[in-house]
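The values are calculated or read from the model by the stated rules, or taken from the named source; none is laboratory data. From a predicted model like this one, the values you see are computed outputs, not experimental measurements. Neighbour counts run over all protein chains shown; Cβ positions are idealised from the backbone, glycine included.
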Amino acid sequence: MSDKLTFNFDVDGEDFTSAGQASVQIKRNLRQLGIDSDTIRRVSIAMYEGEINMVIHAGGGTAQVNVCENCIEIVLKDEGPGIKDIDLAMQEGYSTAPDNIRSLGFGAGMGLPNMKRNTDEMKIESEIGVGTTVTMRVNYGG
Amino acid sequence: MKISTIKELLNAQILCCEENINREVFSACGSDLMSDVLAYVKDQAVLLTGLVNPQVIRTAVMMDMICVIFVRSKKPGDEIIELAKESGIVVMITDKRLYEACGLLYSGGLRGNENK
Ligand SMILES: Nc1ncnc2c1ncn2[C@@H]1O[C@H](COP(=O)(O)OP(=O)(O)OP(=O)(O)O)[C@@H](O)[C@H]1O
Ligand SMILES: [Mg+2]
């Protein structure tokens with residue numbers, strides 16, 4: 001597997017009940033590729049948190065997963081409101097999620113720090129009124 | 001502890017994937033906050049929750065859990081059951097409340113994190 005494999009998804013922002021579908025699918029794909037379960041779990045958790053964020057905070061977006069020989073890269077792109085203060089957003093417990101999201105089991109302000117914990121690299125690019133791109137990388141193998 | 005023992009301790013009803021009830025689990029967690037489950041749970045194979053929506057199952061899938069228990073007799077819809085079936089997750093409901101259900105399993109020998 002020297003060429004990279006790419007998976008693309010549209011993440012629907014209209015419907016919270018479908019949020020996370022792309023992550024479930026990726027988990028399946030990575031399993032079929034024979035990637036080890038610890039790596040799969042880290043990728044799944046990070047992507048799922050990011051996918052939920054796009055649905056809750058940005059009205060949906062796109063997800064791309066690149067599987068390379070030694071790493072898996074996840075790129076989550078949205079055209080939502082953007083993040084004003086990224087350092088603040090990265091703090092555990094900081095959340096702007098509305099109450100109805102809390103009653104659905106999310107909105108504790110733990111997603112972004114959890115994404116960072118589960119990945120080897122994470123970059124957030126965001127512009128107010130333009131959108132947010134989160135790029136994460138999980139290294140694996142050798 | 002076998003999943004079948006959990007069913008007995010909680011006097012629960014199995015809604016899907018009954019073929020997996022002989023699987024062995026070593027720890028469990030109880031929470032209504034999926035944010036917490038995603039951030040803090042490690043290696044627990046069983047989730048007890050009062051929250052009923054598809055994200056509960058997807059969260060369990062992400063965490064490699066194999067059994068989800070809905071407490072207080074909250075019955076999940078077909079969509080939730082279908083999702084669980086796709087991943088082979090045993091789903092049950094019990095009329096116990098979250099605190100009581102967790103307590104019953106804990107005193108039955110199913111712990112949180114420490115002895116995994
Ligand atoms: N894609 C995004 N677009 C705009 N704002 C975002 C985006 N992702 C995160 N944020 C902002 O960063 C904050 C922190 O995000 P984080 O994922 O850590 O917590 P949360 O989503 O609010 O709650 P949780 O992840 O625990 O369910 C959010 O409340 C939101 O204000
Ligand atoms: Mg989040």
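Filter the strands (runs of 3 or more DSSP E) completely within the range B:41-94 down to those with at least 1 residues that are farther than 25 Å from A:Met115 by Cα. Fully inside the range B:41-94 and qualifying: B:67-70, B:90-93. For the range A:30-44, the criterion of being within 19 Å of A:Glu121 (Cβ to Cβ), under 10 Å from the mean Cα position of the chain (by Cα) and buried (at least 16 other Cβ atoms within 10 Å of the Cβ) is met by at least one residue.
Out of the residues in the range A:75-89 that are away from ligand 2 (no atom under 12 Å from the Cβ), in a loop (DSSP other than H, G, I, E, B) and in contact (Cβ under 8 Å) with a residue 12 or more places away in the chain, which is surrounded by the fewest Cβ atoms within 10 Å (Cβ to Cβ)? Out of the qualifying residues, it is A:Lys84. Of the residues making up the range B:12-40, those that are touching a helix residue (DSSP H, G or I) at 6+ places or on another chain (Cβ under 9 Å) and in a loop (DSSP other than H, G, I, E, B) are B:Ala12, B:Cys17, B:Ile21, B:Asn22, B:Arg23, B:Val25, B:Ser31, B:Asp32, B:Leu33.
Checking each residue in the range A:115-132 for being surrounded by 15 or more Cβ atoms within 10 Å (Cβ to Cβ) and away from chain B (no Cβ under 14 Å) picks out A:Met122, A:Ile124, A:Ser126, A:Gly131, A:Thr132.
A:Gly93 satisfies every condition listed in (1) away from ligand 2 (no atom under 11 Å from the Cβ); (2) farther than 25 Å from B:Ile57 by Cα except (2).
Being surrounded by fewer than 22 Cβ atoms within 10 Å (Cβ to Cβ) and touching a strand residue (DSSP E or B) at 6+ places or on another chain (Cβ under 7 Å): is that true of B:Cys67 here? For B:Cys67, the condition - surrounded by fewer than 22 Cβ atoms within 10 Å (Cβ to Cβ) and touching a strand residue (DSSP E or B) at 6+ places or on another chain (Cβ under 7 Å) - is not met. Could you count how many residues in the range B:37-75 are within 7 Å of chain A (Cβ to nearest Cβ) and farther than 15 Å from A:Ile45 by Cα? Number of matching residues: 3. Out of A:Glu92, A:Glu14, one residue alone is at pLDDT below 95 and outside any helix (DSSP H, G or I). It is A:Glu14.
Contact annotation: residue pairs with Cβ atoms under 8 Å, 6 or more positions apart or on different chains, pairing a residue in the range A:94-114 that is facing chain B (nearest Cβ under 10 Å) and within 13 Å of B:Tyr40 (Cα to Cα) with a partner that is charged (D, E, K, R) and within 7 Å of ligand 2 (Cβ to nearest atom), are A:Gly111/A:Glu49; A:Asn114/A:Glu49.
Yes/no matrix, rows are residues, columns are (1) at pLDDT 95 or above; (2) within 15 Å of ligand 1 (Cβ to nearest atom); (3) more than 10 Å from chain B (Cβ to nearest Cβ); (4) outside any strand (DSSP E or B):
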position	(1), (2), (3), (4)
A:Ala22	yes, yes, yes, yes
A:Lys27	yes, no, no, yes
A:Ile40	yes, no, no, yes
A:Ile45	yes, yes, no, yes
A:Asn53	yes, yes, yes, yes
A:Ile56	yes, yes, yes, yes
A:Ala63	yes, yes, yes, no
A:Glu69	no, no, yes, yes
A:Glu73	yes, no, yes, no
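Of the numbered criteria (1) surrounded by fewer than 20 Cβ atoms within 10 Å (Cβ to Cβ); (2) within 26 Å of B:Tyr40 (Cα to Cα), the one A:Asn66 fails is (2). Selection over the range A:96-122 of residues that are near ligand 2 (Cβ under 10 Å from one of its atoms), in a helix (DSSP H, G or I) and out of contact with any helix residue (DSSP H, G or I) (no Cβ under 7 Å at 6 or more places or on another chain) gives a count of 1. Taken as a whole, the range A:48-67 holds no residue that is acidic (Asp, Glu) and either more than 11 Å from ligand 2 (Cβ to nearest atom) or more than 12 Å from the chain's Cα centre (by Cα) (or both).
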